[in-house]
1. Test each condition in (1) without any contact (Cβ under 8 Å) to a residue 40 or more places away in the chain; (2) in a helix (DSSP H, G or I); (3) open to solvent by 80 Å² or more (accessible area, probe 1.4 Å) for Ala6 and report the one that comes out false.
2. Can you tell me which residue within segment 57-86, out of those that are surrounded by fewer than 16 Cβ atoms within 10 Å (Cβ to Cβ) and closer than 19 Å to Leu12 by Cα, is nearest to the chain's Cα centre (by Cα)?
3. From Leu126, Leu89, Leu130, which residue is in a loop (DSSP other than H, G, I, E, B), crowded, with 17+ Cβ neighbours inside 10 Å and within 14 Å of the chain's Cα centre (by Cα)?
4. Please work out which residue is least open to solvent (accessible area, probe 1.4 Å), limiting yourself to segment 178-225 and to residues that are polar (S, T, N, Q) and out of contact with any Leu (no Cβ under 6 Å at 6 or more places or on another chain).
5. Any idea which residue in segment 133-161 is surrounded by the most Cβ atoms within 10 Å (Cβ to Cβ), counting only those that are farther than 27 Å from Arg29 by Cβ and without any contact (Cβ under 8 Å) to a residue 24 or more places away in the chain?
6. When you scan segment 43-55, do you find a residue that is surrounded by fewer than 13 Cβ atoms within 10 Å (Cβ to Cβ), in a helix (DSSP H, G or I) and either among the β-branched types (Val, Ile, Thr) or modelled with pLDDT under 95 (or both), even just one?
7. Could you tell me whether any residue of segment 98-107 is aromatic (Phe, Trp, Tyr), open to solvent by less than 20 Å² (accessible area, probe 1.4 Å) and in contact (Cβ under 8 Å) with a residue 24 or more places away in the chain?
8. Given the criteria within 19 Å of Leu118 (Cβ to Cβ) and β-branched (Val, Ile, Thr), does Val82 qualify?
Amino acid sequence: MEALQALEYAFLFVLGAVLGSFYNVLIYRLPRNLSPVSPSSRCPHCGQRIRWYDNIPIISYLLLKGRCRYCEGKIPLRYPLVEGASACLAVVCRLRFEEPFTSLVFFLFFSLLMVASLIDWDTFLLPDSLTLGGLAFGLFTSFFRQDFGPTEGLIGALVGGGSFLVVYLYYKKLRKMEGLGFGDVKLMAFIGSVTGVWGVLYAVFLGSLFGLIYALPIIFKNRSLQFAVPFGPFLSLGVFVGVLLDFKYFLV
């Protein structure tokens, strides 16, 4: 049995790494309104098509020493990091959730959050294809999960999206300023649809804590509050940590 489990985890690691390679494509192409499937991957420096043997997740980066085979342009370290994170995520979700379907749901959930977070970090944009598509995914899969139901998903989506909508409208209509992006409203609806009200609480409280930890050194260094930080990555990190650690047992 142990050998079979090891084989299963090895398979999940490889599958996660392969999907991570595709996530890199989404991170680059979605903000640019490019097709995620066509054309095939090319070097951003010289435009040369990347051959399959140079596109093996993690391994090709190490063999090429982080540079293009043709022009020796530097390949961003983010590429193998995303592939490695996705590979580990597939294994961690299987270990954390006993029921296979629930494990798959959370792997895809965290994967979408990772892609959305990196796009948000780069561009301050959260594509609807990820947030609204994720919301539909969460509500649909809630009908088939053993640990969660459609009512919990709907309430979570309403609480998550609704609470952030109130904050968004407060800043937009009353204070006449952009205090919160509307993409964050849709992101919170997505988070709530998969994790329920507890996931919304994780995202808000832990996400705010992580955001504060990140922002404090910048505030002290610049002695100013005049800087912008995307909130989506911290919301995603908050719900990720909260769900994996089952943080509600520390709060009740």
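1. Looking at each condition in turn, Ala6 falls short on (3).
2. So, considering only residues that are surrounded by fewer than 16 Cβ atoms within 10 Å (Cβ to Cβ) and closer than 19 Å to Leu12 by Cα, the one nearest to the chain's Cα centre (by Cα) is Leu81.
3. On the way: Leu89 fails: in a loop (DSSP other than H, G, I, E, B); Leu130 fails: in a loop (DSSP other than H, G, I, E, B).
It is Leu126.
4. Initial filter on segment 178-225 (polar (S, T, N, Q)): 193, 195, 208, 222, 224.
Now restrict to residues that are out of contact with any Leu (no Cβ under 6 Å at 6 or more places or on another chain): 195, 208, 222, 224.
Values: Thr195: 21, Ser208: 54, Asn222: 91, Ser224: 38 Å².
The qualifying residue least open to solvent (accessible area, probe 1.4 Å) is Thr195.
5. Step one: filter segment 133-161 for residues farther than 27 Å from Arg29 by Cβ, giving 142-160.
Those left that are additionally without any contact (Cβ under 8 Å) to a residue 24 or more places away in the chain: 143, 149-151.
Details: Phe143: 10, Gly149: 13, Pro150: 15, Thr151: 10.
Looking at residues that are farther than 27 Å from Arg29 by Cβ and without any contact (Cβ under 8 Å) to a residue 24 or more places away in the chain, I get Pro150.
6. Yes, segment 43-55 contains at least one residue that is surrounded by fewer than 13 Cβ atoms within 10 Å (Cβ to Cβ), in a helix (DSSP H, G or I) and either among the β-branched types (Val, Ile, Thr) or modelled with pLDDT under 95 (or both).
7. Taking segment 98-107 first, the residues aromatic (Phe, Trp, Tyr) are 101, 106-107.
Then drop every residue that is not open to solvent by less than 20 Å² (accessible area, probe 1.4 Å), which leaves 106-107.
Of the ones still in play, those that are also in contact (Cβ under 8 Å) with a residue 24 or more places away in the chain are 106-107.
The answer is yes; a qualifying residue exists.
8. Working: within 19 Å of Leu118 (Cβ to Cβ): yes; β-branched (Val, Ile, Thr): yes.
Here the answer is yes, as Val82 does meet what is asked.
The values are calculated or read from the model by the stated rules, or taken from the named source; none is laboratory data. Only a predicted model underlies this, so the values are computations on that prediction, with no experimental measurement involved. All Cβ positions, even for glycine, are placed from backbone atoms using ideal geometry, and neighbour counts span all protein chains on display. Ligands, DNA and RNA are excluded from the accessible area calculation, which covers all protein heavy atoms including side chains. Shrake-Rupley method; radii C 1.70, N 1.55, O 1.52, S 1.80 Å.
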